[in-house]
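The values are calculated or read from the model by the stated rules, or taken from the named source; none is laboratory data. Quick caveat: nothing in here was measured; it's all calculated off a predicted structure. Here the Cβ positions follow ideal geometry from the backbone for every residue, glycine too, while neighbour counts run over all protein chains shown. Side chains are part of the model used for accessible areas, which takes the heavy atoms of the whole protein and leaves out ligands, DNA and RNA. Shrake-Rupley method; radii C 1.70, N 1.55, O 1.52, S 1.80 Å.
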Amino acid sequence: MNKRKTISQREALELLYQAHDMVRGPLRTAIGSAIEVGEQGGGIDLNNLTYDQLRGGQKLTDPKRPGLVMRHGKQRGRYWIFRTTEPQTKHQIEVPMGNYPAIGIAEARSMWRQLRDQRKDANGPFTEIVDGKARPIPADRLLGNDSVGKTMRMRDLVRRYIEGYANKVKRSADVDERLLERHIVPILGDKPVDKIGPKDITQIVHTLHDRAPREAEKLMACLSTMFNVAKGKTRKIKMSVPWLSDEIANPMALVPPLPTRKVQAYKPSVEEMRRYYDSLDELGDLYTDALRLQVLTTTRISEAVDLPWSEIDLSAGRWVLPAKRSKNKTEHVILLPTQALDILKHRRASDPEGAWVFPSPKYPDEHASSDTVSKIISANRDTLGIDPRFVSHSVRHAATTWLAENLVSIEVRDRVLNHLPPSTRVDSMYNGAALNQPASLAWQRWSDAVTEAEITDNVTSIEGARA
């Protein structure tokens, strides 16, 4: 193809760009490839591999499309910009176009063509005043594609929140997604966000509270976070413009608070823990092993059930819970008692190549659901011989209480439960002791007490392999 395209060629490309914007799926990809072929003149055009190899801190300018630039920021990753001169002020600006690969090469080039054509209008502003300063208007708004400028459905807001915020900054992103997809999307999914009022939210959340108060509390918190993020009230992600305009009210502002409930942390006795531990045999191997491992290691239910084999070192008797899976975002080294090691060795022998210690019964490539395991406890209280107040987290209360009654120091209890000392304690600033040996002994003594094994005060021989 010659460098100078004929009028018919340019018209054909324009039609391809229009078709590209109207379709999705494989057809969109095929049209994008056709556009790339049509745009090529002399030389080789930039491709996905070139952009994929762009390193942090670097930028790449398209030699055939003046002003189409990709930058690779350490925080934001790879993103497109349209670099141009503001028609009115004549200052050079960089218009944000969106992140790659969410916006692919063909779509970025289509946006570039539209922005270039729009740039020809000397009266068309490319900046707006924000906090007293001139800021580039994002490409979506310039092209009329932004969510601020058009009505967004509730299901679209939910997806944007999960993908653009929760998956990036929240450890509980899967919980948020489950709550919203279960309770909000089926009822309000197709309703425009600007038509959703406090009564809609109140009806759902307060009705849920009547039968599942804790679930309702989680949903209420999730919705508050979602709407605050959508209105731009967050520092955890960079937003060139809020997802919802100022004209759209935040419905959560007028949702009545849920009734307060007195939460009492139930502390089972060691006798109840023994009945519970022995009765777990009734639940089947998967749930028996998962719940017994949680008891023996005093971990949270999600930490035990969502466990990948990559965190376990059977030969050293160690489980290294990474910071990203820990509630306090601190790595936790669990020195496994012998009973826990036996469970893990049995599971590894039964599934030598599996990625998860407790794979999902329905989807073997995924881990079992901690929510499902918690519900199994609730549904089998009589079988397990436990108090109606007993929940999976009661295990940690029972262990802490037993360790305290058996004169285990608070420093070691904090180490075993992965609690950080409060900032008022001098240890929070100065103490760097790992406390591996006393913690290993504490885990073993607790496990012996629950399983009614012969209690030993000496696990030092094991400690050398675990430290």
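What's the FRET efficiency of His393 with Arg83 using the Cβ-Cβ distance as r and R₀ = 56 Å, to the nearest 0.05? So, using R0 = 56 Å, E works out to roughly 0.55.
Fully extending the segment from Glu247 to Ala323 would add 23.4 nm, taking 0.36 nm per residue of separation and subtracting the current Cα-Cα distance. Note on Asn47 and Ala404: the model spin-label points, each 7 Å out from Cα along the C-beta direction, lie 6.5 nm apart. Annotation for Ala134 and Leu15: the two label points, set 7 Å from Cα along the Cα-Cβ direction, are 4.1 nm apart.
The loop-placed GluC sites (Glu not before Pro) in segment 239-307, going by DSSP, that have at most 15 neighbouring Cβ atoms within 10 Å of their Cβ come out as Glu247.
May I ask you to compute the full-extension gain from Asn380 to Lys199, defined as 0.36 nm times their residue separation minus their alpha-carbon distance, rounded to one decimal in nm? Before the final figure, lay out each step's value.
On the way: separation 181, 0.36 × 181 = 65.16 nm, distance 3.66 nm.
Taking 0.36 nm per residue and subtracting the Cα distance, the gain is 61.5 nm.
Hey, which of these cross-link pairs are over 29 Å Cα-Cα: Lys59/Lys327; Lys90/Lys195; Lys191/Lys324; Lys191/Lys238; Lys218/Lys324? Please report the intermediate quantities before stating the final value.
Values: Lys59/Lys327 37 Å; Lys90/Lys195 41 Å; Lys191/Lys324 35 Å; Lys191/Lys238 27 Å; Lys218/Lys324 21 Å.
Pairs exceeding 29 Å: Lys59/Lys327; Lys90/Lys195; Lys191/Lys324.
Placing dummy labels 7 Å off each Cα toward the beta-carbon, the span from Ser310 to Ala265 is 3.2 nm. Ordered by 1.4 Å accessible area with all protein chains kept, Asp210, Asp52 run largest first as Asp210, Asp52.
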